[in-house]
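Here is the structure we will look at, set down as structure tokens.
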Amino acid sequence: MNIIKELLQYNEMESKVFVPNELFEDLKKSNIKRVHIPVAYSYYYIINYLYRYTKYYETKVDNKQIKEILGYHRDQQSIDYIIKKNGELDKIGYTQTVKDFPILWEFNEFEGLQFSMLSDMDEFTQHDIKQHFSRKYSIKYPIKAFVREYDEEGNIDEEGTFYSISNTHCIPFEVFIFCMENEKLGCTAFYLYSFISKMNDKFADGYDISIKKLASETGIAKTTLEQYIDQLNQYKMIKTIHNQPYFCLALDPKERKSNTYIIKEFDQFTYTPRPYEKLKVIKSNEYYKMMGKESENSFSGKADISLEDLPF
């Protein structure tokens, strides 16, 4: 545990990372494979953190190490099409592959957040720094952290997330570490938690949505989504409220109610999976008996079904 903290020399003052809300839709509309959308989101998240807190100079972290953080072998090429130079994240305008990187950052009330770049250093200092890096070393510049929109004349219409947190969601870096250091969670759990967090910003009492619609909204396949909803509940990362006492195939679709999802704060997470209340599933003949009706042939003797088969 704490491998990522040690590698990135993390401290609690570096917890806040703001992500543009439109990233979810932009990833879905991109050419990134559905199975890799959570990876692309997680990658964009971490390169925001690395740049914002000037971690490249301290850690010399590169794409191979980032892949390992995200749960991949450093030499695995399956996600390279997303993160390489001119890859999918570059193509959709979220990242740019560059040689220059920030050495120091400062914040003051007049100028706001400012970075001292490698290129700002004098020739002697640049030479001293560069000798510790490979000649091929490059980083990802998080474009949306600096500018989110330009107007028709090419002027900045909306500042990036380093300067304006309007229409963003903030996921503490501790949540990222928690997911990446648990093989049962990883990028998909982190992405799903982040999406629910964004929606909880909009719906303070919880996000009501069916599984089918949630799969559509996130781009995660339904069976995969159900698996990770289960994991998020087990590790107390979210709370799921069932808005009906049971599920049965005989229940009129008009009477079926969506679940409510509420994220929990990091200090409420558990490092070991815990039981939680699941939606009770009853047989159709039991349902008809409860309703005082005779069992209909089309449903009689219907076996219990798993949560994976629930239509909502």
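The values are calculated or read from the model by the stated rules, or taken from the named source; none is laboratory data. Model, not experiment: these values are computed from the prediction. Cβ: placed from backbone, ideal geometry, glycine included. Neighbour counts: every protein chain shown.
Brief remarks follow.
- When residue 82 is tested against (1) touching a His at 6+ places or on another chain (Cβ under 8 Å); (2) exposed (fewer than 15 other Cβ atoms within 10 Å of the Cβ); (3) of a type in the set (Val, Ile, Thr), only condition (2) is not met.
- Residue check, residue 191 at pLDDT below 95, buried (at least 18 other Cβ atoms within 10 Å of the Cβ) and out of contact with any Asp or Glu (no Cβ under 7 Å at 6 or more places or on another chain): no
- Selected residue [modelled with pLDDT under 95 and hydroxyl-bearing (Ser, Thr, Tyr)] from 53, 43, 57: 57
- Once the range 1-45 is narrowed to residues that are among the small types (Gly, Ala, Ser) and surrounded by 21 or more Cβ atoms within 10 Å (Cβ to Cβ), the residue that is farthest from residue 169 (Cα to Cα) is 40.
- Number of residues in the range 173-202 that are at positive phi and among the aliphatic types (A, V, I, L, M) equals 0.
- In the range 136-148, the residues that are in the same structural domain as residue 163 (by TED's automatic domain parsing) form Cβ pairs under 6 Å with partners that are at pLDDT 95 or above and polar (S, T, N, Q), at six or more places apart or across chains, as follows: 138/97; 140/95; 141/96; 142/48; 143/96; 145/48; 145/161.
- For the range 74-92, the criterion of being under 13 Å from the mean Cα position of the chain (by Cα) and either at pLDDT 95 or above or not assigned by TED's automatic domain parsing to the domain that holds residue 117 (or both) is met by none of the residues.
- Of all residue pairs spaced 6 or more apart or on separate chains, those with beta-carbon atoms under 8 Å, a first member in the range 56-83 that is touching a residue at least 40 places away in the same chain (Cβ under 8 Å) and closer than 17 Å to residue 95 by Cα and a second member that is in a helix (DSSP H, G or I) and hydroxyl-bearing (Ser, Thr, Tyr) are 79/43; 82/43; 83/43.
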